[in-house]
Amino acid sequence: MIRTQPLFDLTLEVGPGHDLRRPDGWGRLIYHVTGGQFPGERLRGRVLPVSGDWVRTEPGAGRLDVRLLLEAEDGAKIYMRYEGINTLGPAHREKLARGEALDPESYYFRTAAFFETVAPGYDWLNRVVAVGVGTRTAPGVTYAVHEVL
């Protein structure tokens, strides 16, 4: 049995995408992550705007490749990278473009994350695998991120 414990909630603000997809929908969408925050019991702070999301699209799914620079509330810098899969389709994107909320049960959105830091107080993160459940919103993305124990 896999056990987890909450690490933090992650909210990302995402700028407009750069669309590098072919007419058949396959290809790449590149997003600038312009900011965000991550409140948690052991770790909290903000997402610095030197972050991005490189999504590879294929029939029925998007494969995420996200790299974030986190700044903990004490100023420590933490690199977070994760990969994942979402099944957001054209109908979901149309709803988001109209500012409508999505039903999280209507799509699959999961990630696996890793961290790197030289900050002594957060060295433990260098040995953590985390999983996230994502939710897509009009202004960006939110995740419930859990440490795998």
Practice task
Please tell me if residue 65 is free of Cβ contacts under 8 Å to residues at least 40 places away in the same chain, of a type in the set (Asp, Glu) and either surrounded by 15 or more Cβ atoms within 10 Å (Cβ to Cβ) or at positive phi (or both).
Solution key: yes
Problem - Selected residue [open to solvent by 20 Å² or more (accessible area, probe 1.4 Å) and either over 23 Å from residue 6 (Cα atoms) or touching a residue at least 24 places away in the same chain (Cβ under 8 Å) (or both)] from 76, 112 - result: 112
Exercise for the section: Return yes or no: is residue 56 in contact (Cβ under 8 Å) with a residue 12 or more places away in the chain, farther than 21 Å from residue 129 by Cα and open to solvent by 40 Å² or more (accessible area, probe 1.4 Å)? Expected result: yes
Handout entry: Output for the stretch 2-51, where each listed residue is farther than 23 Å from residue 71 by Cα and either touching a helix residue (DSSP H, G or I) at 6+ places or on another chain (Cβ under 9 Å) or of a type in the set (Val, Ile, Thr) (or both)
Key = 2, 4, 25
Fill in the blank from the handout: In the stretch 68-88, anything part of a strand (DSSP E or B) and more than 15 Å from the chain's Cα centre (by Cα) is listed as 71, 72, 77
Problem - Pick from the stretch 1-53, criterion within 14 Å of the chain's Cα centre (by Cα), open to solvent by 30 Å² or more (accessible area, probe 1.4 Å) and of a type in the set (Asp, Glu), ranking: farthest from residue 129 (Cα to Cα) - result: 13
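The values are calculated or read from the model by the stated rules, or taken from the named source; none is laboratory data. Source: prediction; values computed, not measured. Note that we place each Cβ from the backbone using ideal geometry, even for glycine, and neighbour counts take in every protein chain shown. Please note that ligands, DNA and RNA were not included when accessible areas were found on the heavy atoms of the full protein model with its side chains. Shrake-Rupley method; radii C 1.70, N 1.55, O 1.52, S 1.80 Å.
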